[in-house]
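Accompanying notes for the structure given below.
Bear in mind these aren't lab numbers, they're just calculated from the coordinates by the rules spelled out. Just so we're clear, the structure is a prediction, and the values are computed from it rather than from any experiment. Positions of Cβ are generated from backbone atoms using ideal geometry, with glycine treated the same way; all protein chains shown enter the neighbour counts.
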Amino acid sequence: MKTRFGKWLCGASVVLLSGCSSMMSHTGGGEQGYYPGTRNSYKMLADSDTSWGLKPLVALDMPFTVVADTLLVPWDAFRTDRSVKSRVEESEKKNYAINTAIPPAI
């Protein structure tokens, strides 16, 4: 009974803790597009400011992140970011484009 529970606990831990970068990037709303977790993991591995203690954890998590990102490709294809922040940024881009074409009267 103990070995069965131990195996179950180990398996559940692997499933719940895998793909951390993918889950953070999909729920954080920061980066859009396909495979955002994999891109973030790669950036952390390539960044010289990432601590030496974190890089092995990111490297171990990267295959799980790739799998999680692959499973979430349909979500990425149909997801639209309609948060307040994205709407304000979109409005500012439109206003900037209008103001550069037609300068505001002062």
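Observations, loosely collected:
- ARG79 long-range amide H proximity, modeled H, under 5 Å: none
- Taking a ≥ b ≥ c as the square roots of the eigenvalues of the alpha carbon gyration tensor, the stretch 50-95 is oblate, as a/c is not under 1.5 and a/b does not beat b/c.
- Around the amide H of THR50, modelled in the peptide plane, lies no amide H under 5 Å away from a residue 5 or more places distant or on another chain.
- Phi-based couplings in Hz for the stretch 45-58 (Karplus 6.51, -1.76, 1.60; Gly and Pro marked x): 5, 7, 6, 6, 7, 6, 5, 5, x, 8, 4, x, 5, 5
- Per-selection metrics, the stretch 13-80 (Cα): Rg and Dmax in Å: 11.8, 37
- Remark: spin-label model distance ASP76-VAL88 equals 2.7 nm, labels positioned 7 Å along the Cα→Cβ axis.
- Those residues of the stretch 44-80 whose amide nitrogen sits under 18 Å from the label point placed on TYR34, 7 Å along Cα→Cβ: 65-80
- Annotation: amide H of GLY19 within the under-5 Å range of PHE64, THR65, sequence separation 5 or more or interchain, hydrogens built in the peptide plane.
- If R0 equals 41 Å, the separation of the Cβ atoms of LEU60 and ASN95 corresponds to a calculated FRET efficiency of about 0.35.
- Rounded to whole Hz, the Karplus (6.51, -1.76, 1.60) HN-Hα couplings of the stretch 68-77, x for glycine and proline: 5, 5, 5, 5, 9, 4, x, 5, 5, 5
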